[in-house]
Amino acid sequence: MVKVLVVERDPRLAQLYREELEEAGFGVCVKTDLDSALAQLRSQPAHVMVTDMASMGECPEVWVPLIREVYTGPVLALSALGQRPCTGPGVSTMPKISDLTPLIQSIRGRTASAMWDATLTGHC
């Protein structure tokens, strides 16, 4: 099962992400901030990390390097309209919208690509 770590400080949105992503067949762990996300990644790595940029509590120049110290997988940063895109190695920005279909498709695509890459390099 593909494991997704969601970082979202709004409890209602966190519950929505959990329900929708679990319904789509993912294992979901939800954390509310950067520190708890880092602790989770150290103890139980995820296949994909999804975060609302505001939930990280810092600008991307601060939190992306911290995440990269413990996690090398794909990061999907959700941004509000008008918010500058997040950049960093393996970080993609998507709009934060109520329809989670694009997010679900992106998670599936990124995990399939990562698994395919691992197969090609012998890290299956």
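Being open to solvent by 60 Å² or more (accessible area, probe 1.4 Å) and assigned to a loop (DSSP other than H, G, I, E, B) is the filter here, so list the residues in segment 97-109 that pass it. It would help to see each step written out before you state the result.
Taking segment 97-109 first, the residues open to solvent by 60 Å² or more (accessible area, probe 1.4 Å) are 97-99, 101, 105, 108.
Scanning segment 97-109 gives 97, 98, 99.
For residues that are farther than 21 Å from residue 111 by Cα and touching a residue at least 12 places away in the same chain (Cβ under 8 Å), scanning just segment 17-35, find the one that is least open to solvent (accessible area, probe 1.4 Å).
So in segment 17-35, the residues farther than 21 Å from residue 111 by Cα come out as 32-35.
Retained after the next criterion (residues that are touching a residue at least 12 places away in the same chain (Cβ under 8 Å)): 32-34.
On the way: 32: 78, 33: 62, 34: 16 Å².
In this case the residue turns out to be 34.
Filter segment 44-68 down to the residues that are touching a residue at least 12 places away in the same chain (Cβ under 8 Å) and farther than 23 Å from residue 26 by Cα and list them by number. Full working, then the answer.
Filtering segment 44-68 down to residues touching a residue at least 12 places away in the same chain (Cβ under 8 Å) leaves 44-58, 60, 63-68.
Correct list: 54, 57, 58, 60, 63, 64, 65, 66.
Can you find even one residue in segment 58-65 that is closer than 16 Å to residue 110 by Cβ, open to solvent by less than 50 Å² (accessible area, probe 1.4 Å) and not in a loop (DSSP other than H, G, I, E, B)?
Keep residues of segment 58-65 that are closer than 16 Å to residue 110 by Cβ, which gives none.
No; the residues of segment 58-65 include none that is closer than 16 Å to residue 110 by Cβ, open to solvent by less than 50 Å² (accessible area, probe 1.4 Å) and not in a loop (DSSP other than H, G, I, E, B).
The values are calculated or read from the model by the stated rules, or taken from the named source; none is laboratory data. Quantities reported herein were computed from a predicted structural model and do not represent experimental measurements. Reconstructed Cβ throughout: ideal geometry from the backbone, glycine too, with neighbour counts over all protein chains shown. Surface accessibility is based on the protein's heavy atoms, side chains included, excluding ligands, DNA and RNA. Shrake-Rupley method; radii C 1.70, N 1.55, O 1.52, S 1.80 Å.
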